[in-house]
Amino acid sequence: MSADLHNFTYMNGDQQVPAAVREALAPLYSVVPFRRTRTCRRTWLDTFDWRLHRAGLTLESVTGRGPAELVLSGTAGERITAAANGTRWPALAGALPSGPLRDRLEGLTEFRALLPAAKAASTVSEFRLCNDDGKTVAWLTVEQLHAATPAAADLPPRLSVTPVRGYQGQAERIARCLAAQPGLLPDGLPALDAVLATGGLAPGEYTNKIDVELSATMPARLALAAVLLRLLDTLEANVGGTVRDIDTEFLHDLRVSVRRTRTALKLGAGLLPDGLAAQYQPAFKWLGDLTTPTRDLDVHLLTFGAGAAGLTSARPDDLAPFHRYLTQRRAAEQDRLARALRSARFTALITAWRGALDGLTAPRQGPDAAQAAAKIIGRAHRRVLRQGRAITADSPPEDLHDLRKRCKELRYALEFFASLYDPAAHRRAVRELKGLQDCLGTYQDCQVQEEEIRVIATEMLAAGDVPATALLAMGDLASHIGQRERQARGEFASRFAAFASRPARQRFRALVAGAGS
Amino acid sequence: MKILATYNIKGGVGKTAAAVNLSHLAAADGLRVLIADLDPQAAASFLFRVRPRVKGGGAALIRGSRELDKAIKGTDFDGLDLLPADFTFRNLDLILDDTKKPTQRLARLLRPLRASYDMVFLDCPPGISLLSEAVLRAADVVLAPIIPTTLSVRTLDQLTEFIDGLDGHRPEILAFCSMIDRRKRLHKQIAEELPAERKDVAATAIPALSLIEQMAVRRAPVTAFAPRSEAARSYARLWAEVRARAG
């Protein structure tokens, strides 16, 4: 069976296929009941950032009389089922029972947990639509949904035609026949969309991208306010998941929103009313600093498996005490972070910040969005070039760390004003910058990790009860990280040269000059 | 993705019945399964009620994997798809002969299906030909049904020798006694002794039962329309052995 192709809402209907529909199909297709009408609970699952939906997949946990079953279906006709085996949600795909379904989901969801997106009770009758060979060419489903989440509501009965692979043409013919029947309203939403709509939601709504549409001639202050409000929305959307520790990416997205906000306040301070940026910069620094320890430990733990697998003189098992130590410290840091995100100080900051942004009005005079973007991005670009050119083989690591920060500022500035530029040219500029950022990021991350391993080893030793094999393995790990760090340092010159080349600079200038055209 | 070929030099030994029932059981176990009906007689296609027709015929299919993907049909069973036969498959030897590295062609065509399927069953026509060599090069396991007679055992030896003589990739052989007539003492004797004597013969034997012949009337796997029957239980035992062997 493949994903729904044609949906109809079915006014004043019941669980049966209307006689008129049977008659209309009768010359070519027979309607054969598949199994008895059954009632089940449907829970649609996806990652918070809708990775399955974006990949054209739908995952459901279906609970009827028997144990819960997981059903993964795709628009390309893919369908995989597996026993849920008591899986409790949210859950990482890696925690699902082993088999093809888990294999399909693991690469797609990565670090993101699967969590319920919508729930409904369902009464379903299924019918085969068979050709004159008795071969099923499509499935006809009559379903009554009682939405429970995001909101309680009874939905009108739905009739869906789902083609069997290789019989799409026949399914379309059947759908055309149904569309001509009175009482059937074609183009009904897929079931998940219909249930989500009860709460005014739609699948795929969340993204951590700054997807605001700016116009080149709008006042720059209002453009910046729109960006900052979007960042605040993303920040707030990730608070619940971070506090509940659903997966590591809630904190990641929250942290990125904070960093972007800080960059916008720094680069766009002059566009905001006097004193506003200066008032909120320390508050967002507090928030950013709050998230650092947990995120650093997350990065350690997320890369732990790869690091352990790359050991040369030690065995991966030797790192078990180090892993335990990291896990315990992360639990403590996460606890501290969750408390802070539930605190009155955090709530007050978010409330006041939203109030300040909502209250912003266009100044009587001032630049438009395109002028401000050109100035901000141009300045950030020049800073990167200046600091990058000053770096030599003897430069201290701090110089490269500073350059990394400038690159991030430039990247964020490009993202804030993305909607003003030609998408292809913008993508290319970001790609060229990303090449440099990746190199600087690896260099600094390796340095931080190496240093942390040293500090943690000392702490573990001081606390006693640490086997020598664990310390040796940590040394081995640090040495591998050191190798990666040296490799990244070695690559810097060529990466920067590519970014700072004359053609790249000309492309960059042309991009910034072409805002709104 | 594991590729299993039901193959024997000799015809009428239960290859298609095995491919159809084992593929159904594999899909019922949650695997994503494709059964490819390579026999122009199209028995597997008939049993799954799929018309034996491929757009462009065997030539188009051998030319590119896109055509292969487009030709695949869903069966009436979850997780089980079928590549139908086509009458032009009678010329597959000639078509293959016109390609570069003909014996590696099938393996190459099947490679892109790895993302979509966990297991592929190739239901092959009998005989030794270029196609059978291509099948043997593509398969991980050859499931060879044998009727327990002295001559059939000799055929298994011939098949083993043929596979041993292949250069490069060689599939594993798992033979199994098929169409056992319990009234015949020799059948019973060979079916009992052969698995004990040879590691490449499965412990499960498939009896000759009228219910298996009924598949042609019901046009469905016996494991689907009579899942508690002795025939279905025999195939389930065989599937357990095949699954353990195929890994």
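What to note about this one:
- Residues within the stretch A:163-202 that are among the hydrophobic types (A, V, I, L, M, F, W, C) and in a helix (DSSP H, G or I), tallied: 12
- From A:A504, A:A497, A:A488, residue being without any contact (Cβ under 8 Å) to a residue 12 or more places away in the chain and not assigned by TED's automatic domain parsing to the domain that holds A:P321: A:A497
- Here A:A332 does not fit the description of being crowded, with 16+ Cβ neighbours inside 10 Å and at pLDDT 95 or above.
- Condition check for B:A205: within 14 Å of chain A (Cβ to nearest Cβ) and assigned to a loop (DSSP other than H, G, I, E, B): no
- Residues that are more than 14 Å from chain B (Cβ to nearest Cβ), in contact with a Phe, Trp or Tyr (Cβ under 9 Å, 6 or more places away or on another chain) and among the hydroxyl-bearing types (S, T, Y), drawn from the stretch A:112-138: A:S125
- Remark: pairs (first residue in the stretch A:9-33, under 15 Å from A:D132 (Cα atoms) and not assigned by TED's automatic domain parsing to the domain that holds A:V142; second residue surrounded by 14 or more Cβ atoms within 10 Å (Cβ to Cβ) and at pLDDT 85 or above; Cβ separation under 8 Å; 6+ apart in sequence or on different chains) are absent.
- Scanning the stretch B:1-41 for residues that are of a type in the set (D, E, K, R) and more than 25 Å from A:A82 (Cβ to Cβ), we see that the one that is surrounded by the fewest Cβ atoms within 10 Å (Cβ to Cβ) is B:K10.
- Considering residues of the stretch B:48-73 that are closer than 14 Å to A:D133 by Cβ and in contact with a strand residue (DSSP E or B) (Cβ under 9 Å, 6 or more places away or on another chain) only, the residue surrounded by the fewest Cβ atoms within 10 Å (Cβ to Cβ): B:R51
- Residue in the stretch B:182-197 that is in contact (Cβ under 8 Å) with a residue 24 or more places away in the chain, exposed (fewer than 15 other Cβ atoms within 10 Å of the Cβ) and of a type in the set (D, E, K, R) present: yes
- Residue under evaluation A:P397, criteria (1) surrounded by fewer than 15 Cβ atoms within 10 Å (Cβ to Cβ); (2) within 21 Å of A:L271 (Cβ to Cβ); (3) in contact (Cβ under 8 Å) with a residue 40 or more places away in the chain, criterion not met: (2)
- Qualifying residue in the stretch B:62-69 (condition: within 14 Å of chain A (Cβ to nearest Cβ), under 30 Å from B:R243 (Cβ atoms) and out of contact with any Cys (no Cβ under 6 Å at 6 or more places or on another chain)): yes
- Residue among A:A373, A:A369, A:A356 that is touching a strand residue (DSSP E or B) at 6+ places or on another chain (Cβ under 9 Å) and either assigned by TED's automatic domain parsing to the domain that holds A:L287 or buried (at least 16 other Cβ atoms within 10 Å of the Cβ) (or both): A:A369
- Only listed residue being at the interface with chain A (Cβ under 10 Å from one of its Cβ atoms) and among the β-branched types (V, I, T), chosen from B:V50, B:V54: B:V50
- Any hit, the stretch A:61-70, residues being more than 14 Å from chain B (Cβ to nearest Cβ), touching a Leu at 6+ places or on another chain (Cβ under 6 Å) and hydroxyl-bearing (S, T, Y): yes
- When we screen A:A171, A:A216, A:A152, A:A191 for residues that are within 30 Å of the chain's Cα centre (by Cα) and either within 14 Å of chain B (Cβ to nearest Cβ) or without any contact (Cβ under 8 Å) to a residue 60 or more places away in the chain (or both), the only hit is A:A152.
- Considering (1) of a type outside the set (G, A, S); (2) at pLDDT 95 or above; (3) in a loop (DSSP other than H, G, I, E, B), the lone condition that B:E241 does not fulfil carries the number (3).
- Meets criteria (crowded, with 19+ Cβ neighbours inside 10 Å and not polar (S, T, N, Q)) for A:L185: no
- Helices (runs of 4 or more DSSP H) contained in the stretch B:83-177 and holding at least 2 residues more than 14 Å from every other protein chain (Cβ to nearest Cβ), surrounded by fewer than 22 Cβ atoms within 10 Å (Cβ to Cβ) and hydrophobic (A, V, I, L, M, F, W, C): B:92-97, B:102-110, B:150-164
- Where helices (runs of 4 or more DSSP H) sit wholly within the stretch A:339-416, those with at least 3 residues that are under 25 Å from A:E485 (Cα atoms) occupy A:369-389, A:397-416.
- Candidate set from the stretch A:462-517 (those that are among the charged types (D, E, K, R) and buried (at least 18 other Cβ atoms within 10 Å of the Cβ)); member that is nearest to A:A320 (Cα to Cα): A:D476
- Taking residues in the stretch A:82-97 that are at positive phi, and partners anywhere that are in a loop (DSSP other than H, G, I, E, B) and of a type outside the set (D, E, K, R), the pairs with Cβ atoms closer than 6 Å and at least 6 places apart or on different chains are A:N85/A:P97.
The values are calculated or read from the model by the stated rules, or taken from the named source; none is laboratory data. All figures in this text were calculated on a predicted structure; none of them were measured in a lab. Reconstructed Cβ throughout: ideal geometry from the backbone, glycine too, with neighbour counts over all protein chains shown.
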